[in-house]
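For reference, the structure discussed in these notes is given below.
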Amino acid sequence: MGMAENFQDILSTFPDAQLLKEGGQKAAFLISHPEYGKSVLKIGTYSRAQTLERIKREVKTLLEIDSIYYPKIFDFQIFPDNRFLIIEQYVDSIPLSACLDQYVDPIKVLSLLRELVIGLKILWGKNIVHRDIKPDNLLIASDGRPIIIDLGIARLLDEESITQTLALQPKTPIYASPEQLLNRKASIDIRTDQFNLGIITLQLLLCGTHPFDPAIVASGEHIIGNILEGKWYRGAFTNPDIKILQPLIEKLLGREPYMRFRCPDNLMMQIDECLKALKNER
Amino acid sequence: MSVEIFHQLGFRSQWNFQSLNNDHVGDSVILAPSHMERNEVESLSERIKYISLFDPQFFLPNVQKRKLATYNFFPDIVAEGFQTNEYSEGYSDECAIQCVAFQKSNNFRMVIIPTRYVSGMSSNYIPQQQQLFVTPFVNAIDQIGKDRPVLLQLVLNDDMIKDQEYAADLLNWITGITVIDGVYLIADINPRPKQLRDIDFLYAYLRFINALVVNNLYVLLGYLNTEAALLTLASPNGVTIGSYENLRMFNIRNFDSDVARTIRGPNARLYVSRLLQWIDTNYLGAIIRVLGNTDLFDDNHYKAVMFTPSYQWHFSKPELYKHYFLVFSQQLQYITSFQGADRYHVFCDLTEEALLHYAHLRELGVILDQDSDGSHLPTWLTAANLFAAEQGWR
C-alpha cells in the first residue's frame with residue numbers, strides 16, 4: 001500500500017479512490033468528490049518547513065490561476081503531522097507523450113506551441129518558471145486543448161529525497177535546458193521553459209525523434225551531452241514547410257537564456273508570423 | 001537607424017552645451033553630479049533637461065565628494081557613511097526612491113538605475129548589484145510609477161566581457177530584468193591605453209553589445225573615445241563624445257575623493273577623421289610641410305581659428321574639443337547612415353584609407369609616435385572582421 005497507509009483516514013472518505021500514480025513521498029488517486037465531482041486527489045508528506053512554505057506559495061499561485069490551460073485546484077489542506085492533500089480538477093485527456101504521432105503537420109505543431117505559450121504566459125507573468133515542460137506533463141484534452149500539469153509541487157517533494165546537486169534538475173533531463181543541466185541557478189528564468197518548448201516542437205516535427213538524439217545528430221554519445229554542447233539536428237529544415245520555422249526554433253533552442261525570447265510577446269509574434277507564412281504557402 | 005550622440009559631461013561642460021546649442025552637435029547630454037551641484041542641475045532649462053540623462057554616479061558609494069554630497073540620495077549621504085551591509089538592509093530603498101523621484105521630477109529623458117564599481121571578476125557581482133541597486137530601484141520605479149524608459153547602468157571590465165561564461169551570466173541577468181528598456185554600458189579598461197588595441201576585448205565587446213541589441217534593449221555606450229566608430233558595427237543606439245580624456249576613457253580614480261592629484265597636462269591633440277586618430281599637434285607643422293596644401297585636416301570654423309600662425313596649441317583650449325565633437329559626430333553619422341554589412345564595409349574603407357594615409361606620411365618622413373600613429377587600426381579591423389564573419393557579412 002505504501003503512501004496509502006499513511007493516508008487511510010483521508011482515503012476512507014473516498015471509498016471509490018483509484019490509484020493513478022505513486023512514487024516517492026506522494027500519490028495520486030481518481031475520486032468522486034461529493035462537491036467537485038470526478039477529481040484527482042493528491043496526497044503527500046514533507047519533511048522540511050521550507051518545503052511547506054514553497055508548497056503554500058505554489059498552491060496560492062495555482063489557486064489564482066483561472067485558465068483553461070491548467071487543472072483547477074479545488075482544495076488544499078495541510079495536516080499537523082507533515083501531511084498534505086490537494087484536490088484537483090480531473091481532465092479527460094491523454095499525455096502528449098502518448099500521441100506524438102498526431103502532431104506532425106507543422107501548422108498543427110505550431111498551433112499547439114501557440115496554445116502552450118498562451119498558457120505559460122500566465123505563469124511567466126507571475127515570474128514563475130515551470131522548469132519541467134515535457135510531453136508527459138502536457139495533457140491533450142478531448143477538445144484538443146493542451147493542459148499544463150506538474151507545476152512544481154511534485155518536484156518540490158522529489159527535491160527532498162534527492163541530492164542538492166540534482167535539486168534543480170527536472171526528473172527527465174532530456175528536455176532540460178543547458179542552464180538546468182549545469183545547475184546554473186541564477187540563469188534559470190522563464191526563458192528556461194522556452195528551451196523545453198523548443199525541444200518538444202522540433203521533436204514533433206521530427207515525428208517523435210528527439211532532436212538532440214545522437215542517432216540523428218550523428219555526433220555525441222547521449223542526448224544530455226548534445227544539449228550541453230548545443231548539437232541538434234538541423235536536417236529537418238530542408239523541408240520548405242519546416243524551414244519557415246527555423247529562426248523560431250533556433251531562438252527557442254538558444255544555448256543561453258539571453259539568446260532566447262526576452263519578451264514572451266515577441267515569441268508569440270514570431271509564432272503568429274510563422275503560422276501566417278505556413279498558411280499562405282498552402 | 002543612425003546612432004544617437006550623447007555629450008558625456010564633466011569638467012568644462014559648458015563646451016558641450018555650446019557645441020550642442022551653437023553647432024547643433026549631439027542629441028543629448030549625460031549630466032554628471034560629480035561636476036554639477038544639485039541646484040545647478042535643477043536650474044537647467046526645461047528643454048535641456050527633457051533631452052538629458054542624469055547619471056547618478058554611485059560608482060564609489062562610500063566616497064565623499066563635495067558636489068555629490070549636494071544630492072541627498074547619494075548613498076554615503078543617505079546612510080551617513082556607506083557600509084554595504086547596512087546600506088542594503090536599511091538605506092537602499094530610501095536612496096532609490098529619492099533618486100528615481102529626482103530623475104522624474106526634473107523630467108529627464110530616461111531613468112537610470114545606477115551601479116557600483118567592482119574590480120576583478122567577483123563571483124558575487126550579480127547578486128550584489130541586484131541587491132544594492134536593481135531590486136531597490138525596480139521597487140522604487142514600481143512605487144513611483146514608470147512613465148519613461150529605464151536604463152540599467154553597468155561598469156564592466158575587460159576581463160568580465162572577455163570571459164565567455166562570465167559574460168553569458170551577465171547577459172542572462174541583464175536581459176532577464178524585465179522592467180529595464182536599455183543598458184548604459186561603460187567599459188573599464190585598466191591600464192587604459194589612449195587607443196584600445198586588445199582584439200579579444202574589442203571582439204567580445206562587439207558581441208556583448210550586439211547580444212543586448214538583439215534583445216531589443218536600448219544600448220548606450222558611455223565614456224567612449226574614437227573606438228565608438230568601431231563599436232557602431234554592433235548597432236548600439238547611443239554613443240558618447242567627451243572633451244578631456246577622463247570623459248573618453250573611464251577611470252575609477254576620477255571618482256575618488258576630492259583630494260587633489262598632480263595631473264601632468266597632456267600634449268594638445270587634434271582629431272583627424274581621415275586618420276581616425278588624435279594627432280599630437282607637435283606633428284602638424286611637419287605634416288603640412290610634407291603634404292603642402294592638404295585636405296587631410298577636417299575643415300570647419302574651428303580649424304579656421306586653430307590653423308592661424310598666432311594660435312597657441314594647448315590641451316585646455318576649447319577649439320580642440322568642439323572641433324572633435326563636430327568632426328567625429330559627422331563621421332559617426334556617416335558610418336551609421338549605413339546598416340549591417342554596408343556599415344561594416346564603410347568602416348573598413350575608412351580604416352584602410354586611414355592606413356594608406358599613415359603609410360604615405362611615413363614615406364614622406366613623418367614618423368608619428370605611438371599615440372598618434374595608426375597602430376590601433378589593424379586591431380580594430382581584425383575585431384571588425386571577426387564580428388562581421390559571425391554576422392555573415394564577409
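The values are calculated or read from the model by the stated rules, or taken from the named source; none is laboratory data. Please read these numbers as outputs of a predicted model, since none were measured by experiment. Ideal geometry is used to build each Cβ from the backbone, glycine not excepted, and the neighbour counts take in all protein chains shown. We work out accessible area using only protein heavy atoms, side chains counted, and drop any ligands, DNA or RNA first. Shrake-Rupley method; radii C 1.70, N 1.55, O 1.52, S 1.80 Å.
Annotations for the structure displayed:
- Bridge type composition, the protein assembly as shown - antiparallel percent by DSSP, nearest 5: 60
- Ordering of B:6-13, B:137-144 by burial proxy (mean other Cβ atoms within 10 Å per residue, highest first): B:6-13, B:137-144
- Mean residue ellipticity, 222 nm, helices only, chain B: the sum of -39500 (n - 2.57) across DSSP H runs of n ≥ 4, divided by residue count and rounded to 500, is -12000 deg cm²/dmol.
- Rounded accessible area of B:D159 (nearest 10 Å², 1.4 Å probe): 80
- Most fluctuating residue given options B:N225, B:N237, B:N85, as computed from a GNM of chain B linking Cα atoms under 10 Å: B:N85
- Measuring nothing but protein heavy atoms, the accessible surface of region A:1-84 at 1.4 Å probe radius is 52 percent carbon and sulfur.
- Only helices enter this figure: runs of n ≥ 4 DSSP H residues, each worth -39500 (n - 2.57), summed and divided by the residues of chain A, yield -11500 deg cm²/dmol at 222 nm to the nearest 500.
- Separation between Cα centres of region A:230-248 and region B:319-373, rounded to whole Å: 42
- Antiparallel %, DSSP beta bridges [both residues in chain B], to 5: 15
- For B:H24, the solvent-accessible surface with a 1.4 Å probe is about 140 Å², rounded to the nearest 10.
- Under the membrane-span-like helix rule (DSSP H runs whose alpha carbons stretch at least 15 Å along the helix axis, mean Kyte-Doolittle hydropathy 0.0 or higher), chain B yields B:92-105, B:199-214, B:377-391.
- Exercise: per-residue mean of other protein chain Cβ atoms within 10 Å, B:214-226: 1
- Residues in region A:239-277 occluded by at least 30 Å² - accessible area, probe radius 1.4 Å, against chain by itself: A:Y258, A:R262
- Candidates A:S32, A:S12, A:S187, ranked by Gaussian network fluctuation over chain A, Cα under 10 Å, top entry: A:S12
- Average silhouette area of region B:41-133, convex hull of alpha-carbon atoms, in square nanometres: 6.2
- Residue ranking by accessible heavy-atom surface, 1.4 Å probe, largest first, among A:T209, B:T175 comes out as A:T209, B:T175.
- Long-range amide H partners of B:I112 with built H, under 5 Å: B:F54, B:L151
- Per-residue mean of C-beta atoms belonging to partner chains within 10 Å, peptide B:167-173: 6
- Region B:122-219, accessible surface, carbon-and-sulfur percent (1.4 angstrom probe): 46
- Inter-chain Cβ neighbour count for B:351-360, averaged per residue, equals 0 (cutoff 10 Å, partner chain atoms only).
- Shape category assigned to region B:257-369 from the gyration tensor of Cα positions, a/c cut at 1.5: oblate
- Gyration tensor verdict on region A:199-282 (Cα atoms; rounded if a/c is under 1.5, prolate if a/b is larger than b/c, oblate otherwise): oblate
- Among residues other than B:N216 with Cβ under 13 Å from its Cβ, the summed charge is +1 (Lys and Arg +1, Asp and Glu -1).
- Whole-number D in µm² s⁻¹ for the protein assembly as shown, Kirkwood Cα-pair radius fed into Stokes-Einstein, 10 °C, 1.306 mPa s: 56
- Relative to one another, the C-alpha centroids of region B:26-74 and region B:75-138 are positioned 15 Å apart.
- Only protein heavy atoms count here, probed at 1.4 Å, and on that basis chains B and A bury about 1000 Å² of accessible area in total.
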